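Working notes, structure below.
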Amino acid sequence: MSQPLRTTLGRVRGLGSAKEGVSHWWAQRLTAIALVPLVLWFVVSVISLAGADHATVRAWAGGPIVATLLVAMIVAVFFHAKLGLQVVLEDYIHHEGTRVTAIVVMQGAVFLVGLAGVIAVLKLALGA
Amino acid sequence: MSAPASSNRPLSPHLQVYKPQLTSILSITHRMTGVALSVGTLLLVYWLIAAATGPEAFATAQGLIGSPIGYLALFGWTIALFYHLSNGIRHLGWDAGYGFDLPTVYKTGYAVLAATGGLTVLAWVVGLALQS
């Protein structure tokens, strides 16, 4: 058996050359699995709310269970989107400085929009 | 970084001379719908913010979404969503180690297209029926 080039410590850590291991890949899959029921629930809910007035939508989104599921879905959606968009940018932008800048800007934008969505749901749930 | 000019390594075919196939088309469509959904999710957040702001802002949002362009955007969003959802489940199957042989890849590919069409039509038929 030939001696592997990787050190024993490197093999145990299992983080590879990017020093991240499979965390990005794994998070993408976990958020995908979580989003299957959450998105189906959301689509069915929105369809049943078609043409509803403000008070109805407000009462729906403000309920504790619906608000919990909405916040969970928003967090999973934007985490999943961040992971996916990052891979797209990594694949197609070849200049390192531009790529890193684009990823940082994208992450900031995704974080802000997701945060706005969460705060909107919290405002509906907690009143004011 | 510099590749030697004398290198005899095989070069993958350029995209424009590569015959489009179901597998490659579905693959790039997954990525394109993912990007489109990321943008389309702005609409969802706008709708929630409008609902949290008040009745007038919500009426404006509903008017925008209920306009012809809004309906077109929403229709495109549902197609992208159901495609990405169906094909995402196909991807999870591959991640678990199933469905790699070519006949199965084509079978699941057509199943994804059928599911996308079926779910989109179902969602709109039910949605429009409930609205009227």
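Overview of results
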{"quantity": "Per-region count, the stretch A:62-82, residues at the interface with chain B (Cβ under 10 Å from one of its Cβ atoms) and under 20 Å from the mean Cα position of the chain (by Cα)", "calculated": "8"}
{"quantity": "Residue list for the stretch B:29-58, restricted to those being of a type in the set (A, V, I, L, M, F, W, C), facing another protein chain (nearest Cβ under 7 Å) and either assigned to a loop (DSSP other than H, G, I, E, B) or open to solvent by 30 Å² or more (accessible area, probe 1.4 Å) (or both)", "calculated": "B:Val35, B:Leu42, B:Ile49"}
{"quantity": "Test: residue in the stretch B:72-93 that is modelled with pLDDT under 95, assigned to a helix (DSSP H, G or I) and among the small types (Gly, Ala, Ser)", "calculated": "yes"}
{"quantity": "Subset tally (residues that are closer than 18 Å to B:Arg31 by Cα, without any contact (Cβ under 8 Å) to a residue 40 or more places away in the chain, open to solvent by 40 Å² or more (accessible area, probe 1.4 Å) and among the hydroxyl-bearing types (Ser, Thr, Tyr)) for the stretch B:79-127", "calculated": "1"}
{"quantity": "Cβ pairs under 7 Å, 6+ apart, first in the stretch A:76-90 and without any contact (Cβ under 8 Å) to a residue 12 or more places away in the chain, second among the β-branched types (Val, Ile, Thr) and part of a helix (DSSP H, G or I)", "calculated": "A:Val88/B:Val35"}
{"quantity": "Residue that is nearest to the other protein chains (Cβ to nearest Cβ) [pool: residues in the stretch B:73-121 that are out of contact with any helix residue (DSSP H, G or I) (no Cβ under 9 Å at 6 or more places or on another chain) and farther than 23 Å from B:Val35 by Cα]", "calculated": "B:Ala96"}
{"quantity": "Those helices (runs of 4 or more DSSP H) lying entirely in the stretch A:1-70 with at least 1 residues aliphatic (A, V, I, L, M) and exposed (fewer than 12 other Cβ atoms within 10 Å of the Cβ)", "calculated": "A:8-13, A:54-62"}
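The values are calculated or read from the model by the stated rules, or taken from the named source; none is laboratory data. Model, not experiment: these values are computed from the prediction. As a convention, Cβ positions derive from the backbone with ideal geometry for all residues, glycine included, and neighbour counts pool all protein chains shown. For the accessible areas, the whole protein counts, side chains as well, though only heavy atoms, and no ligand, DNA or RNA atoms are used. Shrake-Rupley method; radii C 1.70, N 1.55, O 1.52, S 1.80 Å.
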